[in-house]
Amino acid sequence: MLIGIDDTDSPQGMCTTYLGAVLARRLIREHMRMRVARLVRLNPNVTWKTRGNAAIMLDVEGDPGRAFTVACETVEELADFSCENTNPGVVVADARPDPAFYRKAVMDFCTTEEAVGILDAAGARYHGWKNRRGLIGATAAIASELVDRTSEILVYRQPERFGMPREVNRENLFAAEEATFPHTWDTVDMANDVVVCVPHTPDPVLFGIRGESPSWVLMARSMIESEPPGISQIWVTNQGTDAHLLAGKIGELREGLSYHVKGTVAGLPVTGTGGHVAFAIRDSEQTVQCMAYEPTKNFRFIVRELVPGDEVIAVGSYKKGSVNLEKMKVVSLAKPVISRPPMCTACNKRMTSDGKGKGWKCKKCGARATEPEVLEISRTLKTGWYEVPPTARRHLAKPLCRGEPAF
Ligand code: ATP
């Protein structure tokens with residue numbers, strides 16, 4: 001059977017993945033067999049998410065009626081019902097529903113009615129609390145089909161430590177990244193000297209290591225000393241796979257969806273208040289603004305080197321009329337030029353303008369020229385892919401260390 005759960009947490013605490021890890025242990029204690037524990041990230045632009053829009057799926061062998069009861073009891077015990085935005089959903093189905101619903105939940109917006117329709121058609125057991133919105137993520141999780149997948153080991157805290165400052169050895173985290181990158185990533189941000197894998201929110205997660213496979217994340221995890229940890233769970237995930245991206249065309253982008261979109265830089269990048277960098281790209285008919293926000297740190301240095309005429313592929317979510325960059329390909333570089341008055345070949349002096357449209361004249365010998373001297377400005381920017389640093393990376397964004405995008 002497939003068990004899906006979503007929307008059990010609030011900014012004050014809890015985490016759906018923790019609840020899933022606790023449930024997995026309870027089901028194992030009831031002699032059920034755990035085949036897969038999956039963590040899916042859904043559309044990062046849904047505004048009612050708590051943090052990273054995660055939902056979980058457990059693939060289990062056992063009695064579905066009993067599993068449904070234990071799952072509902074676990075949600076009632078652990079979910080943070082006090083928060084208005086916490087609307088849990090639990091689903092149990094014998095078989096995977098059409099993965100089209102999962103794809104829609106990752107790339108677009110879904111309704112609770114759509115989810116319920118799918119669950120009814122599948123003859124699934126399900127329960128939604130409060131406004132039942134969690135049924136969307138729970139249904140998407142059991143419908144998920146991962147064409148690309150990664151692993152994350154989430155190490156949780158002992159419950160008595162929830163809300164207290166976390167103790168994780170900083171040097172170990174940097175050493176683990178150094179020893180296992182690029183097979184693991186986003187443990188730390190080397191360039192910005194920042195730990196990325198330890199959250200600052202009051203949830204049960206102590207730290208999480210992301211990587212290509214269970215063995216790589218376990219290897220990195222084995223290098224990290226910390227406060228006495230609680231349970232840990234290795235999840236199969238769609239994180240770091242670009243599962244949220246659609247092919248986009250300027251002028252046809254929809255609010256709240258994420259795209260890769262090709263265009264030509266239409267104006268010099270401008271740095272606004274707060275250090276956010278904006279520039280426009282165009283195709284033959286329309287333009288769209290691209291943004292590299294301040295948290296994208298050194299990525300903005302690359303963006304600021306763009307000049308009109310450069311061809312780029314902008315990748316990111318379309319929000320409030322802008323593509324918020326997650327990564328970018330510089331496809332080709334324009335050859336910007338400046339023109340200035342030519343030199344007089346006889347006197348080796350620079351000529352001066354002889355009036356608008358009249359060319360240039362040497363003040364000393366009176367020689368004339370009709371063409372200016374044209375200089376190509378040299379560029380330090382290189383063609384290729386650039387990405388935001390680990391501190392600014394979205395869960396779904398595929399890091400370049402996993403390979404360059406095919407689009
Ligand atoms: P955490 O990462 O800590 O689990 P969260 O960020 O996942 O928290 P939730 O509390 O799960 O946030 O809230 C997300 C809500 O949005 C859920 O109710 C989920 O069912 C719903 N949801 C997810 N994807 C979509 C979508 N594409 N369209 C509409 N609703 C969605």
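The values are calculated or read from the model by the stated rules, or taken from the named source; none is laboratory data. Fair warning: this is a prediction, and the values are worked out from it, not measured in the lab. With ideal geometry, Cβ positions are generated from the backbone for all residues, glycine too; neighbour counts draw on all protein chains shown. In case anyone asks, the SASA skips ligands and DNA or RNA and just uses the protein heavy atoms, side chains included. Shrake-Rupley method; radii C 1.70, N 1.55, O 1.52, S 1.80 Å.
Tabulated data for the structure shown
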item: Filter result (hydroxyl-bearing (Ser, Thr, Tyr) and surrounded by fewer than 19 Cβ atoms within 10 Å (Cβ to Cβ)) within segment 19-71; result: 47, 69
item: Tabulated pairs, segment 21-42, first closer than 21 Å to residue 149 by Cβ, second of a type in the set (Asp, Glu) and away from the ligand (no atom under 14 Å from the Cβ), C-beta under 6 angstrom, 6+ apart or interchain; result: 33/61; 35/59; 36/59
item: Condition check for residue 271: surrounded by fewer than 18 Cβ atoms within 10 Å (Cβ to Cβ), within 30 Å of residue 300 (Cα to Cα), of a type outside the set (Gly, Ala, Ser) and in contact (Cβ under 8 Å) with a residue 12 or more places away in the chain; result: yes
item: Of all residues making up segment 295-332, the number that are open to solvent by 60 Å² or more (accessible area, probe 1.4 Å), of a type outside the set (Lys, Arg) and under 18 Å from the mean Cα position of the chain (by Cα); result: 1
item: Evaluation of residue 77 against (1) in contact (Cβ under 8 Å) with a residue 40 or more places away in the chain; (2) open to solvent by 10 Å² or more (accessible area, probe 1.4 Å); (3) more than 9 Å from the ligand (Cβ to nearest atom) (one fails), failing number; result: (1)
item: Residues being within 22 Å of the chain's Cα centre (by Cα) and open to solvent by less than 40 Å² (accessible area, probe 1.4 Å) - total across segment 221-236; result: 3
item: Which listed residue, of 329, 358, is outside any loop (DSSP other than H, G, I, E, B) and not aromatic (Phe, Trp, Tyr); result: 329
item: Selection count where residues are under 26 Å from the mean Cα position of the chain (by Cα) and of a type in the set (Val, Ile, Thr), scope segment 83-108; result: 3
item: Residue selected from segment 361-399 under the condition outside any loop (DSSP other than H, G, I, E, B) and open to solvent by less than 40 Å² (accessible area, probe 1.4 Å), by the criterion farthest from residue 311 (Cα to Cα); result: 369
item: Total residues in segment 170-218, condition of a type in the set (D, E, K, R), closer than 20 Å to residue 400 by Cα and within 16 Å of the ligand (Cβ to nearest atom); result: 2
item: Residue that is nearest to the ligand (Cβ to nearest atom) [pool: residues in segment 1-22 that are small (Gly, Ala, Ser) and in a strand (DSSP E or B)]; result: 10
item: Flag if residue 95 is in contact (Cβ under 8 Å) with a residue 24 or more places away in the chain, part of a helix (DSSP H, G or I), farther than 24 Å from residue 9 by Cα and of a type outside the set (Phe, Trp, Tyr); result: no
item: Residue among 25, 35, 29, 66 that is more than 22 Å from residue 246 (Cα to Cα), more than 13 Å from the ligand (Cβ to nearest atom) and under 28 Å from the mean Cα position of the chain (by Cα); result: 35
item: Some residue of segment 131-141 being more than 10 Å from the ligand (Cβ to nearest atom), charged (D, E, K, R) and open to solvent by 30 Å² or more (accessible area, probe 1.4 Å); result: no
item: Filter result (more than 10 Å from the ligand (Cβ to nearest atom) and open to solvent by 60 Å² or more (accessible area, probe 1.4 Å)) within segment 104-125; result: 113, 120, 121, 123, 125
